[in-house]
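Readers should treat all values here as calculations from the given coordinates under stated rules, not as data from a laboratory. All values derive from a computational prediction rather than experimental measurement. All Cβ positions, even for glycine, are placed from backbone atoms using ideal geometry, and neighbour counts span all protein chains on display.
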Amino acid sequence: MGKSEKMERIEKVERVNKPEGNNTKRINETETADKMKTNDLINNKNKIKRARAIMVQGTMSNAGKSFLVAGLCRVFAQDGYKAAPFKSQNMALNSYITEDGLEMGRAQVMQAEAAGIEPHVNMNPILLKPTTDVGSQVILNGRVVGNMKAVEYFKKKRDFIPDIMRAYRQLEEEYDIIVIEGAGSPAEINLKACDIVNMGLAELVDAPVILVGDIDRGGVFAQLVGTLVLLEEKERERVKGFVINKFRGDKTILKPGLDMLYERSQVDTLGVIPYEYVDIDDEDSLSERFERDGGYAPVEIGIIKLPRISNFTDFAPLECMDGVRVYYVEKVSQLKNPDMVILPGTKNTMSDLKWLREHGLEAAIKKLASSGKVIMGICGGYQMLGRTLQDIYGVEGEAGRVMDGMGLLPMDTRFTEKKVRTRVRGKIGELSSILEGWNHTPIFGYEIHMGISEGDALQPFSCVEAEDNQFLDGGCFENIVGTYIHGIWESDEFRQALVKLLYEKKGISYGYGTEDMVTYEEYKEMQYNKLADLVRNNMNMEKIYDIINGKG
């Protein structure tokens, strides 16, 4: 069924007109906040035709907001609309570097991919990366502005409203529909006074809201009704529908509950989405992927689940490989005897290395290394593998601190005040020993780190290019290897070469050729389309379009 036939009874979302002449000034990102008035940004709606918006809020963290936003973005794209995700403030250790070298949350990257568009930092103007239990690194418009304790950030966050509104208004000029994601719950009373991510944001951009609850954790009706009751009257008026997520079983048994839900709230339930596994990047450490076990496979890869693990989405491409079991390890008894161990990125290398030691995992990894197993570190995990770590400037805590590394690579790391943020592309170098099967394999990815690792005896891992500059990355010594490159496993040839190498090392014939392999891009497209089918088949999309058009 074509778009015009499918949508004939639904008012079409207005296309955005680009501003012309001097009537509307496109705000330059380099203008300082003190030159802008928040009210001017908010009232910009009187000067331009705006994209329509719909906001997804949740009754709790991990209710399925990111999942639903991605699904809606793909459905809208399939229906011919230019859609974009938006999350004003994201707290996560999974981040990404855009083409212009700016840092943003990985969840919004996933949602942009679902929409079929290039990720842009405007989709996530504020990213908080926890460094301790009470503080985070604050990234504004893709750049680090410093570390703040939670109390300090809470007092200052409304100062960031001009940046949020600038980013949002720029998206409005470029897209037909903006799908906004909230954070946590809008009924967190202690956070409402300075809210810039849930109902506070919905009011700023005048967005209707759909509220999603997780039935798999129980008490979904109490979640939805209780959240609504705790909202102010003007906030309740914004809630145009409920969505029940992660349902298992026959939907007909929910009817009494849905009837009661409407009776108590006068809000329609727009959909009941069944529990179905769709392999898309997760938002944060609540990820269910840590609990999954791939079952038996000839080759096993153990990934250390560090307390401050970052960019664990790096390993999603490995998890979808045939003939490979990927599992996550928090204690020695879980490590067993894998063919390869990966130390992932971390937001605090020294603290997580201390945790490794205290839990006996450092000794266990060294034992595997001495037996010839492949040990690989990525970013912070790479830094741990060296001889020493030096924090002269107090990047991770006390200035001047020096700590012994694991001593598996002949190199030393110095933390730096400047953060490296860049996309890279290149090839693996001339590795020796058991890793030579990787030689000259093309790779790509991105670097996000605050450190330099050097060693005279270190064999470079790869030669890469970024912004027309070539440089050597990472290091290798016998069966130990490290790199600063995140996203490296999305390189299909490199991923295939790794698995082939591990098979051959065990003396097993590797029966999967490149001609049998689905590329990771193809795999992701299949998953996004699967998600769109799940949303379209289990939600009232006609009502969703009505809500977007102000008819809800």
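Placing unit charges on the Cβ atoms only, positive for Lys and Arg and negative for Asp and Glu, gives the chain a dipole magnitude near 1240 debye about its Cα centre. Tell me whether region 71-128 comes out rounded, prolate or oblate; compute the Cα gyration tensor, take square roots of the eigenvalues as a ≥ b ≥ c, and use a/c under 1.5 as the rounded threshold. Prolate, since a/c reaches 1.5 and a/b exceeds b/c. The ellipsoid that matches the Cα gyration tensor of region 433-530 has semi-axes, each √(5λ) in whole angstrom, of 26, 21, 10, with the longest given first. Give me the Kirkwood hydrodynamic radius of region 106-253, using the inverse of the mean 1/r over all pairs of distinct Cα atoms, in Å to one decimal. Over region 106-253, the inverse of the mean reciprocal pair distance is 17.2 Å.
So what is Rg over Rh here for region 291-380, counting just Cα atoms and using Kirkwood for Rh?
Rg divided by Rh gives 0.94.
Charged neighbours of PRO442, selected by a Cβ distance under 14 Å, balance to -2 (K, R count +1; D, E count -1). Across all directions, the shadow cast by the convex hull of region 180-227 built on its C-alpha atoms averages 3.7 square nanometres. Applying both filters, DSSP loop and at most 13 other Cβ atoms within 10 Å, to the GluC sites (Glu not before Pro) of region 68-148 gives GLU99. The long axis of helix 255-265 is offset from the longest Cα principal axis of the chain by roughly 60 degrees.
Can you tell me which of 428-441, 380-393 comes out highest on packing, and rank the rest after it, using the mean Cβ neighbours within 10 Å?
Most protected by this proxy first, the peptides run 380-393, 428-441.
Bridge orientation summary for the chain: considering DSSP beta bridges with both residues in this region, about 50 percent are antiparallel.
With the simple model of a label 7 Å out from the Cα in the direction of the Cβ, LYS427 to VAL151 spans 5.7 nm. Modelled spin labels at ASN537 and LYS192, positioned 7 Å past Cα toward Cβ, are 3.9 nm from each other.
With a cap of 15 neighbouring Cβ atoms within 10 Å, and only residues DSSP puts in a loop, list the chymotrypsin sites (Phe, Trp or Tyr not before Pro) found in region 250-283.
TYR275, TYR277
Subtracting the Cα-Cα distance of GLU436 and GLU454 from their residue separation scaled by 0.36 nm leaves 4.3 nm.
Calculate how steeply helix 106-115 sits against the longest principal axis of the alpha-carbon atoms of the chain, using the helix alpha-carbon long axis, and give the answer as 0 to 90 degrees to the nearest 10. That helix lies at roughly 60 degrees to the long axis. In terms of its alpha-carbon gyration tensor, region 351-484 comes out oblate; a/c meets the 1.5 threshold, while b/c is at least as large as a/b. Taking other residues whose beta carbon is less than 9 angstrom from the beta carbon of ILE196, and scoring Lys, Arg as +1 and Asp, Glu as -1, yields +1. With a Förster radius of 30 Å applied to the beta-carbon distance between CYS320 and ALA222, the computed FRET efficiency rounds to 0.25. If you plug the beta carbon distance of VAL229 and LYS419 into 1/(1 + (r/R0)^6) with R0 = 30 Å, you get a FRET efficiency near 0.10.
With all pairs of separate Cα atoms included, region 402-474 yields a Kirkwood hydrodynamic radius of 13.6 Å. For ARG401, nonlocal amide neighbours, meaning residues 5 or more places apart or on other chains whose placed amide H falls under 5 Å from its own, are ASP391, GLY394.
Got a sec? Which residues in region 388-423 would a label at ASP159 touch, if it sits 7 Å along Cα→Cβ and we count backbone N under 14 Å? Those under the cut-off are none; the list is empty. Label zone (LYS366, point 7 Å along Cα-to-C-beta; backbone nitrogen cut-off 17 Å) within region 473-509: 479-481.
Only helices enter the 222 nm calculation for the chain: every DSSP H run of n ≥ 4 contributes -39,500 (n - 2.57), and dividing by all residues gives -8000 deg cm²/dmol, rounded to 500. Once every Cα of the chain carries one equal point scatterer and solvent is ignored, give the base-10 log of I(q)/I(0) from the Debye formula at q = 0.07, 0.08, 0.09, 0.12 Å⁻¹, two decimals. After summing over all Cα pairs, the log10 values are -0.43, -0.56, -0.71, -1.20.
Among the trypsin sites (Lys or Arg not before Pro) in region 293-370, which ones are in a DSSP loop with at most 13 other Cβ atoms within 10 Å of the Cβ? Mind listing them? For trypsin sites (Lys or Arg not before Pro) across region 293-370 that sit outside H, G, I, E and B with at most 13 neighbouring Cβ atoms in 10 Å, the list reads LYS331, LYS336. Using 0.36 nm per residue and subtracting the Cα-Cα separation, the extra length available between LEU140 and ASN529 on full extension is 136.8 nm.
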